[in-house]
């Protein structure tokens, strides 16, 4: 009798394990596998249904008439829906932010963990063409290696020493920095940090600049996290969200307010591109817009809009 009970418990646990992995189970196939009747499997499923309901686990065992199988539906699901996982995969592919050997395993893991078994093939087919033709960033550097360690240095307020590849001479420089944030913009990850031990009058275009320097993470050739810590007063702490709204083009420089006239076809596209943009006037021909931004990148972007933009 004891062996029979243990066997039934093993069977129920096996069924539940398969269900939570997103598999669709056939009552007939389970009966054949365990050499019991389908009625026994039905009793197992009923016992599992009662247990899940009593424990309020937010899971329910559902019978699918199309596949003639049973699966678990997460009533209070924290997993991503099919539409959500498809959107996330499309955004990642469009970002072109990593090498293929870093990007594709992330997509595979997302689909494996977040998509029910019966929908995995459909999601994979929807992104298959873009995955196959995925274009890597030209820097060809691994990004994920070291990213978590940099994040921990930011969280712990630890000083870092980096060897950085610059566009201008000298090509390589060594800097001690106080890292305060990781950001992403248009294909690249960036580290924002305050420089240590640098003559601001000679090295900075704006010596009074109170904002962090921006480093492309793929250009950091190597880094060390030092046993030194820096203090971040709460009232003057760096806030990535507020900084992000004002630095759309990852060029350092002064914080300034730009006013320009826009007569193009899509005001929405301009307001989405510049989160701090505000329409201060409008008429039948266009809009006058004001935006608070960092650096010179805004001027380059405005000029790229051609006759649709007049800088005021």
Q. Looking only at 197, 22, 151, which one moves most when the chain is put into a Gaussian network model with springs between Cα atoms under 10 Å?
A. 197
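So how do 30, 9 line up by other beta-carbon neighbours within 10 Å, fewest first? Can you show the working numbers first?
Values: 30 22, 9 11.
Fewest to most other Cβ atoms nearby, the residues stand as 9, 30.
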Q. Which whole-number percent gives the relative contact order of the range 82-132, counting Cα pairs below 8 Å spaced six or more residues apart?
A. 53
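What translational diffusion coefficient, in µm²/s and rounded to a whole number, does the Stokes-Einstein relation yield for the range 31-94 at 10 °C and a viscosity of 1.306 mPa s, taking the hydrodynamic radius as the Kirkwood radius over Cα pairs?
On the way: Rh = 14.3 Å.
Translational D for this selection: 111 µm²/s.
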Q.
Tell me the angle of helix 82-95 to the major Cα principal axis of the chain, expressed in degrees between 0 and 90 and rounded to the nearest ten.
A. 30
Q) Which one of 258, 183, 103 has the biggest mean-square fluctuation once the chain is modelled by GNM with Cα springs under 10 Å? A) 258
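Suppose only helical runs count, i.e. DSSP H with n ≥ 4. What mean residue ellipticity at 222 nm does that imply for the chain under -39500 (n - 2.57) per run, divided by all residues and rounded to the nearest 500 deg cm²/dmol?
Working: 11 runs with 123 residues, N = 312.
That calculation yields -12000 deg cm²/dmol at 222 nm.
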Q. Pick from 171, 100, 141: which is most flexible by mean-square fluctuation in a GNM of the chain where alpha carbon atoms under 10 Å apart are linked?
A. 171
Q) What are the radius of gyration and Dmax of the chain, computed over its Cα atoms and given in Å? A) 27.8, 88
**Q.** Degrees, to the nearest 10: 2-20 long Cα axis against longest axis of the chain
**A.** 30
Q. When a footprinting reagent is the concern and you count Cβ atoms within 10 Å, what order do 232, 180 take, fewest first?
A. 232, 180
Q.
Angle check, please: helix 38-55 long axis (alpha carbons) against the longest principal axis of the chain (alpha carbons), in degrees 0 to 90, nearest 10.
A. 50
Q. Remind me, relative contact order of the chain in percent, using alpha carbon pairs under 8 angstrom and six or more residues apart?
A. 11
Q.
Taking the beta-carbon count within 10 Å as an exposure proxy, list 70, 188 from fewest neighbours to most.
A. 188, 70
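Read-outs throughout are calculated quantities, based only on the coordinates presented, and are distinct from any laboratory measurement. If you're wondering where the values come from, they're calculated on a predicted model, not measured in any experiment. Note that each Cβ is placed from the backbone with ideal geometry, even for glycine, and that neighbours are counted across all protein chains shown.
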